[in-house]
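Chemist: Please see the structure below; I have some questions.
The values are calculated or read from the model by the stated rules, or taken from the named source; none is laboratory data. Owing to the predicted nature of the structure, the values given are computational and were not obtained by experimental measurement. No Cβ is skipped: glycine too gets one built from the backbone with ideal geometry, and neighbour counts run over all protein chains shown.
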Amino acid sequence: MANVLLTEKCVRSCPYCFAKEYMTNSSVEEILKWEDLIYIADLFESSNEKHISLLGGEPSLHPNFTEFILYLLKRNFHVNVFTSGIMSEKILLKAKENLRTIDPEQLSFVCNINNPKDSLKNEFQKVKKFLKVFNKQTSTSFNIYKSDFDLNFLIDIIKEYQLKPHIRLGLAHPIPGANNFFLKINEFKVFAKRLMSFFNNLENNEISIGLDCGFVMCIFSDTQLGKLFKLTNNRLGFSCGPAIDFGPDMSVWSCFPLSNIHKKSIYDFNSLKEIYDFYFNMNKEIRGDKIGILKKCSSCSFNKRNLCAGGCTAHLVDIKNFIV
Amino acid sequence: MDKYIIVSPYSTTVIDKFRERQFVILVNDFDNINEILECVNRNNFLVSIQVNLNSSLSSIDFNEKWDNVPLRIVVSDLGDYLTFHKKIDLIRKLNILFYFPINKIDNFLNIQILSSLGINCGFIISDGQLLDWGKLSELLYYYMYSKSKHSIIEPFDYIIQNNNKNDIFNNFVDYNNVYFNDPDYYIHIDSEQNISLSFENSKRNIFLDIGIDNIDSAKETKQYKNIIEDRHKHFIINHPCSYCPGWRICLGKFSYCLRSSNGCIEFFTELFNSKYILNNIL
Amino acid sequence: MTTIIFKAIEKCIANCVYCEVIKRKQNIVMSYELLEIIFDRINEFLEANPQENIDFTWHGGEITMLGVDYFNKVLEIQEKCCKNTKIRIKHLAQSNLLKISQEIIDVFNKLGITSIGSSYDPISNIRGLGKNRNSLKYNTLFFHGIELLNKNKIPFGIINVVHKKQLENPLSIYYFLSNMVDNFAFNKVYFFSEDRYGLNVTQEEYADFLGAIFPIWLKQRDRYHVRPFESFYDIIIKNKGDLVCENAGLCAYRWLYIGPEGNTSHCGRSGDNEMLSYGNIKKRKLNDILHDTQRSQIEKRQDVLISTECKGCRFWGLCHGGCMIDAYDIHHDFIHKSPNCEWLKIFIEKYFEPILNVKLDLTSDKEYTNLMRCTTNKNKIICE
Ligand code: SF4
Ligand code: SF4
Ligand code: SF4
Ligand code: SF4
């Protein structure tokens with residue numbers, strides 16, 4: 001599944017933001033044009049990809065946010081929207097009137113929720129309004145950028161709003177050449193322990209989690225891996241991209257942390273597979289013989305057996321070699 | 001050739017004068033759609049009802065009962081997308097082709113949206129309109145090279161189909177055919193039963209001197225011969241259109257544009273050569 | 001197969017700059033008596049040679065100026081003289097189309113003429129009417145003719161003579177012609193007499209003219225039959241196809257020219273230029289004319305050239321030394337190669353080979369038996 005950025009405008013300013021770096025490099029005014037959405041939909045369709053993820057910035061800031069979703073649905077795509085849930089009354093109302101009754105199998109939202117303690121009050125008020133309207137279609141997402149994070153607040157929100165019982169866990173990665181907050185390699189073990197401390201609460205509330213790219217396997221003990229197996233509904237993986245993101249200016253890149261490296265135009269390719277292959281090879285090239293973020297990765301049998309990719313490529317980039 | 005197809009406003013008197021004829025009926029609203037179908041098909045065949053509206057597509061109150069009626073609807077634009085969206089499923093069940101005038105720049109996009117959603121559509125160029133050839137080329141590229149399936153866009157579809165035929169006696173394409181405006185195939189009868197060879201002639205009161213019982217003799221008339229001769233006028237005077245690589249499709253329709261730009265040449269050449277590109281020749 | 005180039009009239013309504021016939025301004029029309037003699041001769045020949053057929057090509061002047069009655073008379077005479085052999089006579093026609101009418105088309109139909117060869121020039125005042133060569137009038141009449149042919153579903157082909165004024169924009173010429181018709185040919189202009197208007201083109205100029213068009217035609221080759229491109233392409237790439245007479249090297253016994261007074265010659269070109277007389281048909285049988293001793297000279301020309309002037313030439317299979325009339329014009333005998341092989345060589349080397357990434361080696365005919373077949377293809381109505 002590839003991601004399409006509708007706009008680069010955003011309503012928040014998260015310390016870990018992986019997109020921010022990319023976004024400051026390009027014009028914020030750029031929004032995805034209708035013609036380009038049709039082009040992308042055609043590319044997906046001809047590549048036999050039935051899933052499209054929309055993101056931003058904040059995708060709902062695109063003036064045709066609702067129209068685009070409806071359009072893609074009419075073309076039989078499964079649409080998944082990554083949102084902060086922070087929307088003006090007007091946008092929310094338009095979305096509510098047109099999207100609320102759509103089958104969650106066709107349209108889903110992933111609402112990225114920061115701990116209310118760390119964010120502005122009225123920001124969270126808006127998120128709540130969103131959750132109230134779209135609870136049936138929405139699951140949550142949380143980005144980890146420090147090892148003393150909290151998930152209990154999220155479990156409470158899921159229960160209160162009867163959201164889909166799932167949390168997507170993202171790991172904040174370093175963005176080569178930038179200065180964002182991210183989890184350092186030496187904090188990984190502490191992070192693993194912290195994550196496992198929420199096991200009972202999650203398990204008791206039947207909430208599953210999904211690990212996004214860049215997590216590594218050897219920071220968990222076998223017992224912890226067993227628990228993770230349950231928590232992730234048997235979808236445990238320690239992978240690294242390429243994710244494939246399309247910018248509103250029809251550029252394409254591997255994933256946000258690597259967005260400064262080999263950004264191409266969508267018109268350079270004929271299918272999603274070509275794009276995927278290109279960035280897959282690029283990742284391999286960047287890693288070279290280092291294989292993974294740890295020294296021992298190069299001789300790790302889990303890596304050889306494709307059980308763990310060896311962490312996020314972005315940790316391995318010597319930016320001097322790549323900045324164009 | 002087969003017999004002329006009659007293009008006329010809805011008039012039972014005209015329709016009932018004929019047997020086993022094909023008809024295109026022109027109306028301005030949806031009041032009598034099913035009645036027209038019934039009336040024409042009693043003794044003749046309905047090719048299409050063309051509804052000329054001055055309003056947006058989204059404002060049309062589509063009716064399930066039209067599912068057997070071949071409709072061409074000329075709209076001003078798409079209108080509100082969200083309203084349109086609610087009607088898509090019904091539209092897809094009906095047999096409709098929507099025409100958009102492309103003197104409105106937004107309609108290029110509207111056509112693309114409709115086509116990509118599987119709804120047949122087309123564009124209309126008004127008389128003497130100075131065209132945005134770049135926009136038209138973009139639409140053509142979409143039509144020809146889009147990676148996934150989409151519905152037809154007229155007149156591209158007609159042109160490409162016919163351009164692919166190698167018929168040495170009809171080695172040009174008059175795409176006015178899709179507008180029921182081709183003197184080789186369509187004959188126009190107005191409400192006063194005047195007969196003419198095109199919408200333009202009808203509008204300018206240039207009528208054929210033949211009776212309604214005798215419409216197939218239209219090809220013997222001076223007017224028809226003038227039209228045929230007109231096709232050669234560019235060659236006779238060595239007009240730039242005569243050596244334009246896109247002539248076989250354009251037939252010099254845009255020679256009035258040549259003063260301001262040569263965009264037509266590139267556009268029609270592309271269209272003409274689409275055959276080789278599509279068939280991967282060299 | 002024998003092709004008779006039959007010139008019953010030399011008069012023409014037009015006044016084209018490069019026309020050799022019109023310069024003679026002969027006002028003669030072949031008499032009915034002579035027509036009868038000719039058809040008798042044909043009958044006699046066909047009866048004696050049951051394996052033979054005759055292509056009877058009506059050339060002018062302008063044949064439509066003979067009028068409907070004349071052709072009706074031809075029908076009558078053919079009916080009378082060739083009762084049993086007439087099915088082996090195929091009539092073909094060359095006309096400038098200016099005076100073609102429904103009546104003429106009807107009588108052509110009766111004669112079995114199913115296609116017409118014509119000529120055109122997109123440049124003004126090259127082909128034209130009257131002293132000033134009014135091409136506007138010419139073109140108007142010509143396109144009337146084309147409308148009539150289209151209406152009657154009679155296919156036609158166009159020969160375009162390439163002259164100095166066409167060199168400026170070869171593609172315009174190509175597009176003009178291809179907009180008109182699917183079947184056309186380029187011929188280099190030739191002047192056996194004085195080039196009064198400075199229209200001659202050099203071998204290189206002609207090759208470059210063709211070279212500018214060739215890549216475009218190549219893309220469109222399924223739609224347009226254009227000589228010489230198509231014959232070269234068919235022979236070199238598809239390994240089949242026919243060459244025009246001047247390049248086929250097989251014209252010795254194939255052609256026969258008959259002029260309005262019964263004078264005979266080798267072919268249209270020699271007839272028009274008053275070279276190579278084979279005597280008058282009133283006095284000679286067809287078979288004798290077709291086996292005139294001069295013809296064996298011509299046949300020998302091939303054997304001589306391949307071991308002398310054309311020895312080792314890798315274009316031989318496409319060219320065969322070219323047209324002997326060209327050679328005669330310079331050397332006053334036929335046993336030389338034509339100077340017109342130059343454009344062919346340049347075109348193939350400079351354009352055809354690099355564009356198609358092929359290299360010719362046609363030094364002899366042996367491996368290329370297909371090249372031995374001659375020449376004007378009846379289905380493709382261009383005959384030169
Ligand atoms: S480099 Fe790999 S792990 Fe890192 S963000 Fe990209 S896809 Fe994810
Ligand atoms: S590949 Fe590297 S990070 Fe992954 S389990 Fe092996 S050693 Fe650990
Ligand atoms: S495209 Fe332009 S130049 Fe060509 S025929 Fe049409 S109007 Fe003439
Ligand atoms: S190209 Fe010249 S040398 Fe070669 S065969 Fe022809 S005439 Fe002879």
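Chemist: When only residues in the range B:231-282 that are among the polar types (S, T, N, Q) and over 20 Å from C:M180 (Cβ atoms) count, which is modelled with the lowest pLDDT?
Modeler: From the range B:231-282, those among the polar types (S, T, N, Q) are B:238, B:242, B:255, B:260-262, B:269, B:273-274, B:279-280; that's our starting set.
Imposing the further condition that a residue be over 20 Å from C:M180 (Cβ atoms) reduces the set to B:260-262, B:274, B:279-280.
Working: B:S260: 83, B:S261: 86, B:N262: 88, B:S274: 80, B:N279: 60, B:N280: 53.
This residue is B:N280.
Chemist: Further question: Looking only at the range B:227-258, how many residues end up being assigned to a loop (DSSP other than H, G, I, E, B), more than 7 Å from ligand 3 (Cβ to nearest atom) and within 8 Å of another protein chain (Cβ to nearest Cβ)?
Modeler: Residues flagged as assigned to a loop (DSSP other than H, G, I, E, B), more than 7 Å from ligand 3 (Cβ to nearest atom) and within 8 Å of another protein chain (Cβ to nearest Cβ) within the range B:227-258 amount to 4.
Chemist: Here are A:K264, A:K273: which of them is within 14 Å of another protein chain (Cβ to nearest Cβ) and away from ligand 2 (no atom under 16 Å from the Cβ)?
Modeler: Selected residue: A:K273, the only one of A:K264, A:K273 that is within 14 Å of another protein chain (Cβ to nearest Cβ) and away from ligand 2 (no atom under 16 Å from the Cβ).
Chemist: Consider the range A:264-296. How many of its residues are at pLDDT 90 or above and assigned to a loop (DSSP other than H, G, I, E, B)?
Modeler: 3
Chemist: List the number of the failed condition for B:I91; all other conditions in (1) without any contact (Cβ under 8 Å) to a residue 60 or more places away in the chain; (2) assigned to a helix (DSSP H, G or I); (3) away from every other protein chain (no Cβ under 14 Å); (4) in contact with a Leu (Cβ under 9 Å, 6 or more places away or on another chain) hold.
Modeler: So the condition that B:I91 fails would be (3).
Chemist: Looking only at the range A:98-126, filter to residues that are exposed (fewer than 12 other Cβ atoms within 10 Å of the Cβ) and closer than 24 Å to A:I52 by Cβ; which one of those is nearest to the other protein chains (Cβ to nearest Cβ)?
Modeler: Of everything passing the filter in the range A:98-126, A:T101 is nearest to the other protein chains (Cβ to nearest Cβ).
Chemist: Let me ask something additional. Would you please name the residue that is surrounded by the most Cβ atoms within 10 Å (Cβ to Cβ), looking only at residues in the range A:172-192 that are under 18 Å from A:G237 (Cα atoms) and more than 13 Å from ligand 2 (Cβ to nearest atom)?
Modeler: Ranking the qualifying residues of the range A:172-192, first place goes to A:H173.
Chemist: For the subset of the range B:134-159 comprising residues that are part of a loop (DSSP other than H, G, I, E, B) and farther than 26 Å from B:F180 by Cβ, which member is farthest from the other protein chains (Cβ to nearest Cβ)?
Modeler: B:K149
Chemist: On the basis of being of a type in the set (K, R), touching a helix residue (DSSP H, G or I) at 6+ places or on another chain (Cβ under 9 Å) and assigned to a helix (DSSP H, G or I), does A:K164 make the cut?
Modeler: Against the criterion (of a type in the set (K, R), touching a helix residue (DSSP H, G or I) at 6+ places or on another chain (Cβ under 9 Å) and assigned to a helix (DSSP H, G or I)), A:K164 does not qualify.
Chemist: Given the criteria buried (at least 19 other Cβ atoms within 10 Å of the Cβ), touching a residue at least 40 places away in the same chain (Cβ under 8 Å) and over 24 Å from A:G292 (Cα atoms), does A:P242 qualify?
Modeler: Here the answer is no, as A:P242 does not meet what is asked.
Chemist: When you go through B:I206, B:I187 one by one, which is the residue that is more than 19 Å from the chain's Cα centre (by Cα), of a type in the set (V, I, T) and either away from every other protein chain (no Cβ under 14 Å) or not in a helix (DSSP H, G or I) (or both)? Before you say what the answer is, go through the steps one by one.
Modeler: Details: B:I187 fails: more than 19 Å from the chain's Cα centre (by Cα).
Only one candidate passes the filter, namely B:I206.
Chemist: Still on this structure, please answer the following. So which residues in the range C:284-309 are free of Cβ contacts under 8 Å to residues at least 12 places away in the same chain and within 26 Å of C:E261 (Cβ to Cβ), if there are any at all?
Modeler: Going through the range C:284-309, the residues free of Cβ contacts under 8 Å to residues at least 12 places away in the same chain turn out to be C:288, C:293, C:303, C:307-308.
Scanning the range C:284-309 gives C:D288, C:T293.
Chemist: Using the structure shown, decide if A:H166 is away from ligand 4 (no atom under 16 Å from the Cβ) and within 27 Å of A:I286 (Cβ to Cβ).
Modeler: no
Chemist: Continuing with this model, one more query. Name the pairs whose Cβ atoms lie under 9 Å apart, with the first residue in the range B:240-263 and in contact (Cβ under 8 Å) with a residue 40 or more places away in the chain, the second basic (K, R) and away from ligand 4 (no atom under 16 Å from the Cβ), and 6 or more positions between them or separate chains?
Modeler: Matching pairs, first to second residue: B:L251/B:R231.
Chemist: So is C:K219 in contact with a helix residue (DSSP H, G or I) (Cβ under 6 Å, 6 or more places away or on another chain), more than 9 Å from chain B (Cβ to nearest Cβ) and among the charged types (D, E, K, R) or not?
Modeler: Here the answer is no, as C:K219 does not meet what is asked.
Chemist: Same structure, new question: Taking C:I281 as the residue in question, decide whether it is touching a residue at least 60 places away in the same chain (Cβ under 8 Å) and in contact with a Leu (Cβ under 7 Å, 6 or more places away or on another chain).
Modeler: Taking the combined requirement at face value, the residue does not satisfy it.
Chemist: Right, something else. Would you check if C:F209 is in a helix (DSSP H, G or I) and either buried (at least 21 other Cβ atoms within 10 Å of the Cβ) or modelled with pLDDT of 95 or more (or both)? Before the answer, list the steps.
Modeler: Details: in a helix (DSSP H, G or I): yes; either buried (at least 21 other Cβ atoms within 10 Å of the Cβ) or modelled with pLDDT of 95 or more (or both): yes.
Against the criterion (in a helix (DSSP H, G or I) and either buried (at least 21 other Cβ atoms within 10 Å of the Cβ) or modelled with pLDDT of 95 or more (or both)), C:F209 qualifies.
Chemist: Only one of these conditions is not met by C:P260: (1) surrounded by 16 or more Cβ atoms within 10 Å (Cβ to Cβ); (2) farther than 19 Å from C:A327 by Cα; (3) touching a helix residue (DSSP H, G or I) at 6+ places or on another chain (Cβ under 7 Å). Which number is it?
Modeler: Evaluating C:P260 over (1) surrounded by 16 or more Cβ atoms within 10 Å (Cβ to Cβ); (2) farther than 19 Å from C:A327 by Cα; (3) touching a helix residue (DSSP H, G or I) at 6+ places or on another chain (Cβ under 7 Å) leaves (3) as the failure.
Chemist: Looking for something more than 16 Å from ligand 3 (Cβ to nearest atom), assigned to a loop (DSSP other than H, G, I, E, B), among the β-branched types (V, I, T) and crowded, with 16+ Cβ neighbours inside 10 Å - is there at least one such residue anywhere in the range A:246-260? Quick ask: steps written out before the conclusion?
Modeler: Applying the first criterion (more than 16 Å from ligand 3 (Cβ to nearest atom)) to the range A:246-260 yields A:246-260.
Now narrow it down to the ones that are assigned to a loop (DSSP other than H, G, I, E, B): A:247-250, A:254-255, A:259-260.
Filter once more, so that each one left must be among the β-branched types (V, I, T): none.
Within the range A:246-260 (the criterion being more than 16 Å from ligand 3 (Cβ to nearest atom), assigned to a loop (DSSP other than H, G, I, E, B), among the β-branched types (V, I, T) and crowded, with 16+ Cβ neighbours inside 10 Å), the answer is no, since none of the residues qualifies.
Chemist: Please go through the range C:314-341 and give me each residue that is in a loop (DSSP other than H, G, I, E, B) and among the β-branched types (V, I, T), ordered by number.
Modeler: Result: C:I335, single match.
Chemist: Quick test for you: out of C:N84, C:N43, C:N72, pick the one residue that is surrounded by fewer than 18 Cβ atoms within 10 Å (Cβ to Cβ), of a type outside the set (A, V, I, L, M, F, W, C) and in a helix (DSSP H, G or I).
Modeler: After applying the criteria, what remains is C:N72.
Chemist: Across the range C:163-205, which residue is farthest from the other protein chains (Cβ to nearest Cβ) among those that are within 15 Å of C:Q220 (Cα to Cα) and part of a loop (DSSP other than H, G, I, E, B)?
Modeler: Once the filter is applied, the top-ranked residue is C:V181.
Chemist: Can you tell me which residues in the range B:210-226 are outside any helix (DSSP H, G or I) and surrounded by fewer than 12 Cβ atoms within 10 Å (Cβ to Cβ)? Working first, answer last.
Modeler: Just the residues of the range B:210-226 that are outside any helix (DSSP H, G or I), to begin with: B:210-211, B:221.
The answer is B:G211, and nothing else.
For every residue, the table says whether it meets (1) over 18 Å from A:C308 (Cα atoms); (2) in contact with a Gly (Cβ under 9 Å, 6 or more places away or on another chain).
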residue: A:F220; (1), (2): no, no
residue: A:T223; (1), (2): no, no
residue: A:G226; (1), (2): no, no
residue: A:F229; (1), (2): no, no
residue: A:F238; (1), (2): no, yes
residue: A:P242; (1), (2): no, no
residue: A:D249; (1), (2): yes, no
residue: A:V252; (1), (2): yes, no
residue: A:S265; (1), (2): yes, no
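Chemist: Could you list, in sequence order, the residues of the range A:36-59 that are of a type in the set (S, T, N, Q) and part of a helix (DSSP H, G or I)?
Modeler: Of all residues in the range A:36-59, those of a type in the set (S, T, N, Q) come to A:46-48, A:53.
Scanning the range A:36-59 gives a single hit, A:S46.
Chemist: Would you tally the residues in the range A:295-311 being surrounded by fewer than 20 Cβ atoms within 10 Å (Cβ to Cβ) and within 13 Å of ligand 1 (Cβ to nearest atom)? Lay out the reasoning, then the answer.
Modeler: Residues of the range A:295-311 that are surrounded by fewer than 20 Cβ atoms within 10 Å (Cβ to Cβ), as a first pass: A:295-296, A:298-302, A:304-307.
Narrowing further to those that are within 13 Å of ligand 1 (Cβ to nearest atom): none.
Counting residues in the range A:295-311 that are surrounded by fewer than 20 Cβ atoms within 10 Å (Cβ to Cβ) and within 13 Å of ligand 1 (Cβ to nearest atom) gives 0.
Chemist: Can you find, within the range C:99-112, the residue that is modelled with the lowest pLDDT among those that are outside any helix (DSSP H, G or I) and surrounded by fewer than 23 Cβ atoms within 10 Å (Cβ to Cβ)?
Modeler: In the first step, residues of the range C:99-112 are kept if they are outside any helix (DSSP H, G or I); the result is C:99-101, C:112.
Cutting the leftovers down to surrounded by fewer than 23 Cβ atoms within 10 Å (Cβ to Cβ) gives us C:99, C:101, C:112.
Details: C:K99: 91, C:S101: 94, C:G112: 94.
The qualifying residue modelled with the lowest pLDDT is C:K99.
Chemist: In the range C:93-150, how many residues are of a type in the set (V, I, T) and either facing another protein chain (nearest Cβ under 10 Å) or free of Cβ contacts under 8 Å to residues at least 12 places away in the same chain (or both)? Explain how you work it out, then say what you get.
Modeler: If we filter the range C:93-150 for residues that are of a type in the set (V, I, T), which is where we start, we get C:100, C:104-105, C:107, C:113-114, C:116, C:123, C:126, C:140, C:146.
With either facing another protein chain (nearest Cβ under 10 Å) or free of Cβ contacts under 8 Å to residues at least 12 places away in the same chain (or both) added as a condition, the list becomes C:123, C:140, C:146.
Residues flagged as of a type in the set (V, I, T) and either facing another protein chain (nearest Cβ under 10 Å) or free of Cβ contacts under 8 Å to residues at least 12 places away in the same chain (or both) within the range C:93-150 amount to 3.
Chemist: Can you tell me which condition A:Q125 does not meet? The list is (1) under 24 Å from A:L5 (Cβ atoms); (2) at pLDDT below 95; (3) of a type outside the set (D, E, K, R), and all the others hold.
Modeler: A:Q125 satisfies all of (1) under 24 Å from A:L5 (Cβ atoms); (2) at pLDDT below 95; (3) of a type outside the set (D, E, K, R) except (1).
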